[in-house]
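Everything below concerns the one structure shown next.
Only the coordinates and a few stated rules stand behind these numbers; no lab work does. A quick note: this is a predicted structure, and the numbers were derived from the prediction, not measured. We place every Cβ from the backbone using ideal geometry, glycine too, and count neighbours over all the protein chains shown.
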Amino acid sequence: MIPDMSQVGKPTDDAWAPVPEAPHVMLEGVTKVYGQVIGLNDVSLAVKGGVTGILGMNGAGKSTLFKLIVGRLKASQGTVRLFGTDPWKNPAPYARVGYVSESEQLYDWMTGLDFVTTLARLFGYTRDEAKERALHVLDFVGLADVVNKQIGKYSKGMRQRVKIAHALVNDPDLIILDEPLAGCDPLARTTVMNVVRELGAMGKTVLVSSHILNEIERITEQIIILHNGRLLALGNLHAIRELLDQHPHRILLRTDNPRKLGTAFLPHSDVYGVRFPKPDELVIETNNLSSVHKALPEICIASGVRVTAIENPDDNLESLLGYLMEGRS
Amino acid sequence: MGDDDFDIDDLFDEFDSAVQENKESTSSDTPADDVTPTPPPAPDAPATEAEYMGQAGLQVTGQARLEAAFGSGDGDEVAIAQVAQVAQSESGGTIFHQIYRPWRGELNPRWMRNWAILRHHIYGLFSKGHRPYPLMTKLVIFGVFISSLADLGFMALGSLTGAEEIERMFGISRGNLYGHVLAFWFRNACYYPIVTALIIGGIISEDRQHGTSALYFSRPINRRDYAMMKFLSVGIILGVIIIFSLCLYYLGGILVNGEGWAYLIDTFGMFLAALAAAFLLVFTYTSIGLALSSVSQGKFFPAVAFLGIILGTKLVAFLISTLFDRSAIYLISPYDNLAHVGQWMIGVNHTYDHPAVWSLVMLLVMNAISIYVLSARVSSLEVTRE
Amino acid sequence: MIPEQPPDTPMPDALEMQLADARPRFEEAAAQEPAAQAPTGRIGQMQAQAAQALRPLTNTVWSKLDRKATAIAEFTLRQYRTKSSTWVVLGIGLMFVTMVMLFYAEAMATGFDSYDNDGDSEDWDGDGYPTGQERRYGTSPWNADDHPDPETVPPDPASVWINEDPLDFDGDFRNSNQGFDDDGDCTGEGWSDPNSPELPSRNDRNGDGHPCNVYYRMNSTTGMVYSVNGDPNVDEDPDESVFLKEALHRSFLLGFGKVGFTFLLGVFLPLFLATGLVRDEMERGTMHYLLGKPIARAEVLTYRLLGYVTLTWPYVTGLVIITAIVSGLLAPSDGFYRWQDLPLWLGVLVASWMVLLAYGAVFSVCGIISPKYGVFIAIGLGVWEFLMAMVSLADPTFPLTYLSISHWGIEIINCAALLAYPDFIWMIQVAEFHGFGADIALQVFWSPPSAVPGSALASMVVALFVLTLYTVFALFIGQAMFKRRELD
């Protein structure tokens, strides 16, 4: 149970990032193989502070990554360090971790308060202490008025929040949320996102996974992108996108007179094409998104055409992944 | 459905005419009243009910439409239209609106659907793509089948080696026929209950647990048929182990010794009695097991509860009858009732003091309770995942 | 309660404060850092930081075990409470005990008819004097005119001569000279003619040098009786009613203790209640909640078992107490309550506890070894134990039974029985000697301690040790497997 000093990770001079002192999470060349399937393929990263979004399609290895970090799985290769300790061998660092698993299962027969209190007691708190903390975190996630209701009667969003509450009860420094927004309605989604943002503002390290870029974008800009078990990108979302600016981007405008507006755009040097997929739509193809965006309002006003909507159809994970994969090959 | 005199066919007519209307001209001046169908003649039974249960009233005739698969009759019928209507032509391609309407063909007959359920459970023992049985269960079934043929093997061995004693010990006799079906050691202490427990463990409860009962009940399958086919499939697997091995034993006994007609006439009666006892055994174990499986959620509880009922009551009865000399306590044990009735039918010495009729009555009561529980549970089974 | 927050501001001040509470801890750690971090480079720095950050943990892990234990045990108990199978199983156990007690009460109330072993209560010649009395007074039992004088010797009722010579045993196993001729038809005591031809001519037929006694050839240390050899007409007509009642009561103690408590309750309670302790959590995917805490997996297993034990031990204790009270009041005894049974009941209690614990550990570990097939292993083990229990009842020295748990539970009861009643072996030998061997269930349920033949105490210690060993071994295997199990 005592942290094994020999297990504290060695700093490396890899390209991905400078190793901060005692990173909360550190993976070094981690590979996880399930039989014939590779769950994670040579992933190295370190996280300390802030909210980090883990993005990836289903099966990209997000949950595998989390389970490795919290010691549910054993890495086939490489080293995993949680606060400098191997989480597979030593449960001690869990005292500073809150983990919300993707599992939908809860103890339906318990009330929300019982659930959080009982689990809080496993940190070694006394009964009263645990209850106090439980009430506290349940209030924090906005469940204060249903603490004495059975979890089985909770809605999906409430269930998701009670899971988050149980992970916060020990005031962890590192919070790991595996798909916290899955299956939530828009209202619950907003609440959960607010909770995550608040946690970030409180100075906690938060890892949150999702397969929807928009969701993550609303929470954080710091992202890690996984694809097929490989680390695709890491860093600020916009910075990553800037790096990809030479790739073709599209801007979709909805307007009454797309042909007129289209001609107005053609003189711009970064625009290399316009298309009219529907009678009221205009798609501008560019390889410098930011410069076109900058010029866009001016051109629109100058053309005198009414524009009802502007969208970036490429601003989703699929296209991002498409670019990244393209960039790789 | 508010009105009782609603008929689903009217809806089709209504829709078809509406579609026709649309095709011809959208600016038609035809008053709306013209497309409204004439009110249907009042049917004998509620029409939706008749539609669901079958044309001939409340009996499933195999003619029922797949209405059950689409909804419970509260408004979903309106969502029907023709399939694959061209919606909008775009340059260089066509998009089809996917509009669904119920399948209105003829169903296969009821026995064919039931055969599909039965097959699903039995083929699962041999091949993939049917009900998956754990490897362990398959191995145990195979092992028990082989071991229940041990007496045949010994008899053949005795005959081949000419060892008279072995042959006499394992040859066909009343006692050995009884023993093949109803002996406690080890057949009913170990082999048959374990096999039954393993098979019935999840047979209904896993359907509930995994939500596959919804697949059954959203199809034109009668719940009674569903339960009956489950019953039959368990009965067949047990029957192969108990009844078929008994037949093999008897047949083997005749062939090995090259017996003639006279022998056959002498022994056929007791063979039939043993066969009847074996049927009773299979039926009782199956009904108790299925009742347990229908009341529980996992596959573990029914299995252990079945063993508890067979072995536990046997032990309790053994304890009380040994201590207090009350043979009638064996009436609580399904196995002992079967054994007693079997002794009476096959004609071997009774090992119980109370009349065999009591055991028979008790056996009937136990089966009745089990089948009642099974049918009550299956008919009230919810079609959601639990 | 905490005051309600408007939904738009999900950031309560209190949490901020809580965070502020936590902060000094780390700030302090950070402040100490320069001191702690001596010359080293990055590695040392990280190590120091890790050590600082994890310091409160050691405290958590080692000093707060009891809190975690009670939390998980309590959780387990509450989980049991919500399952209907728990109530069904416990209810059936209670019903079973009640049913057996009803049969017991009925048997005790009915009693047994005594019968006249030597036939001397009959009045063959119809003169009103039973045969025994006529012999004593030297008159002919076959002649209606030949009888004692009714004036001086009134005729005895027949019942006097039905149980006239009870079995005598002083309870001392070193003394082979037992038995006493109560009615004097061997010694001639009280007879009008001491040389009556009705008296046996040789009154030391067993040749042990003592006339008119019963000679027990026995092992003086173990109490094992090899043979019983009586002189003629000694202990020939005991009170069957008393003897059989006593024998019945003792067989009840043994049979109920062995089959009822250590086997039926001992196997089925754990089978239903312990098999899913860890397995169900893993299957349902709720194990994450327990394992996501700074708690070793072995601890989770142990505390879950603790919860199981806090349910089953009091339950079985209650049943044993009820049975002991009811049977003690109904049983044949000199006083109001039969206190002599208590050591045996204690043995039953200890045996059930040990068996419940051992089965609980084994069955719960089955679920860990293979979540998929653990159920089948558990069922197979249950049937194996059933077979072994039956074999052990018949022949406890059969070596294969040593591998089963039920055998050792039964062994504890055998030992406790012998410690409570050293004359168990005597009773069986005597019952055989006097021809009611077949009538009593004692032979079915009694067998002498087999682990250390001859010493009940040593056998009991061995049995307890083996059961503990099974438990510890199962737990050891279980935690080793559990620790290596990856949880999806």
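Here are a few things to note about the model shown:
- log₁₀ of I(q)/I(0) at q = 0.26, 0.27 Å⁻¹ - region C:100-168, Debye sum with one point per alpha carbon: -1.09, -1.14
- Using only side-chain charges placed at the Cβ, +1 for Lys and Arg and -1 for Asp and Glu, the dipole size of chain A relative to its Cα centre rounds to 560 debye.
- Counting every other Cβ atom within 10 Å of each residue's Cβ, B:191, C:226, C:402 order from fewest to most as C:226, C:402, B:191.
- Region B:225-290: chymotrypsin sites (Phe, Trp or Tyr not before Pro) in DSSP loop, at most 13 other beta carbons within 10 Å: none
- The string of couplings for region C:408-422 from the Karplus curve (6.51, -1.76, 1.60, θ = phi - 60°) is 6, x, 5, 4, 4, 5, 4, 5, 4, 5, 5, 5, 6, 10, x Hz, one whole number per residue in order, with x for Gly and Pro.
- Taking a straight Cα-Cα cut-off under 23 Å and skipping sequence neighbours fewer than 8 places away in the same chain, the lysines within cross-link reach of residue C:258 are B:314, C:245.
- The label point for residue A:33 and the one for residue A:239, both projected 7 Å from the Cα toward the Cβ, are 3.4 nm apart.
- Most to least packed among A:270-279, C:377-386 [average Cβ atoms within 10 Å]: C:377-386, A:270-279
- Gyration tensor (alpha-carbon) shape descriptor, region C:269-403, a/c threshold 1.5: oblate
- Three-way shape label, region B:110-379, alpha-carbon gyration tensor, a/c 1.5: oblate
- Interatomic Cα distance distribution for chain A, bins of 20 angstrom, percent: 28, 48, 21, 2
- Each residue of region B:272-277 was assigned a 3J(HN,Hα) from its phi angle through the Karplus curve 6.51 cos²θ - 1.76 cosθ + 1.60 (θ = phi - 60°); the sequence is 4, 4, 5, 4, 4, 4 Hz, with glycine and proline shown as x.
- The loop-placed GluC sites (Glu not before Pro) in region C:113-164, going by DSSP, that have at most 11 neighbouring Cβ atoms within 10 Å of their Cβ come out as C:151.
- Region C:121-162 - charge dipole about Cα centre, Lys and Arg +1 at Cβ, Asp and Glu -1, debye rounded to 20: 220
- 5 angstrom amide H check on residue A:273, placed H, neighbours 5+ away: A:285
- With 25 Å as the limit on Cα-Cα distance, the pairs of A:153/C:83; B:138/B:230; C:83/C:372; B:230/C:83 that go past it are B:230/C:83.
- All Cα pairs of region C:164-236, percent lying beyond 22 Å: 23
- Theoretical FRET efficiency, 1/(1+(r/R0)^6), r = Cβ-Cβ of residue A:311 and residue A:108, R0 60 Å, to 0.05: 0.90
- Nearest-ten-degree value, helix A:127-140 long axis tilted from longest Cα axis of chain A: 10
- Cα-based shape type of region A:115-222, given that a ≥ b ≥ c are square roots of the gyration tensor eigenvalues and the cut on a/c is 1.5: oblate
- Relative contact order (%) - region B:282-386, alpha-carbon pairs under 8 angstrom, separation at least six: 32
- Ordering A:132, A:198, B:106 from the fewest to the most neighbouring beta carbons within 10 Å gives B:106, A:132, A:198.
- Residue order, fewest to most beta carbons within 10 Å, for C:152, B:161: C:152, B:161
- Here each label is just a point 7 Å from Cα along the line to Cβ, and for residue B:368 and residue C:452 those points are 5.9 nm apart.
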